[in-house]
Amino acid sequence: MASEIRVNKINDRVGLGTVTYTDTGIIVSGIVTANSFKGDGSQLTGVTSVGGATGVDFNDNVKIRLGDSQDLQIYHDSNHSYIDDAGTGNLRLRSGTLEITNLASNKTSAVFSSGGGQTLNFNNSTKFVTTNTGAIVTGVLTATSFSGDGS
């Protein structure tokens with residue numbers, strides 16, 4: 001049996017809204033502000049932001065899991081950070097230009113550009129660039145074999 005009351009405040013946690021007490025829990029329509037939440041959150045809907053200005057913090061080994069079968073997982077294990085894609089299809093990083101840099105963003109390892117050559121660097125120095133006619137290697141190129149006319 002459900003009962004309903006209209007409230008202006010309950011312990012300074014609920015703004016103007018409706019609280020319904022049911023046999024299985026409490027249903028709130030309106031804005032809820034809480035310092036903590038317990039439960040699996042599987043019935044939450046309408047969430048438009050999480051974490052405010054500071055972000056959302058997860059402990060080590062707590063995974064962000066996406067997909068019906070939890071195919072995509074993002075987590076940190078106290079030593080390394082992971083993006084695991086165990087589902088069907090490909091993991092696609094989509095961007096006009098994708099840069100892989102160090103944490104300080106002052107050394108670039110690779111640049112993948114949708115409108116130009118792909119660049120690989122060594123210690124922030126360009127060593128390999130793809131072009132519309134092949135590739136440009138800067139520095140010494142060592143190979144165990146070579147095929148072609150060498151021109």
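The values are calculated or read from the model by the stated rules, or taken from the named source; none is laboratory data. Nothing here was measured: the structure is a model prediction, and the numbers come from that model. FYI the Cβ positions are ideal-geometry reconstructions off the backbone, even for glycines, and counts take in every protein chain you see. When the accessible area is computed, the model is the full protein with side chains, heavy atoms only, and any ligands, DNA or RNA have been set aside. Shrake-Rupley method; radii C 1.70, N 1.55, O 1.52, S 1.80 Å.
For every residue, the table says whether it meets (1) open to solvent by less than 90 Å² (accessible area, probe 1.4 Å); (2) of a type in the set (D, E, K, R); (3) at negative phi.
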{"residue": "D23", "(1), (2), (3)": "no, yes, yes"}
{"residue": "G30", "(1), (2), (3)": "yes, no, no"}
{"residue": "N35", "(1), (2), (3)": "no, no, yes"}
{"residue": "K38", "(1), (2), (3)": "no, yes, yes"}
{"residue": "Q43", "(1), (2), (3)": "no, no, yes"}
{"residue": "A53", "(1), (2), (3)": "no, no, yes"}
{"residue": "N59", "(1), (2), (3)": "no, no, yes"}
{"residue": "V62", "(1), (2), (3)": "yes, no, yes"}
{"residue": "R65", "(1), (2), (3)": "no, yes, yes"}
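Pairs, please: C-beta under 6 Å, at least 6 apart or cross-chain, first residue under 19 Å from N121 (Cα atoms) and in region 131-151, second part of a loop (DSSP other than H, G, I, E, B) and not aromatic (F, W, Y)?
Sorted first by the residue in region 131-151, then by its partner, the pairs are T131/G117.
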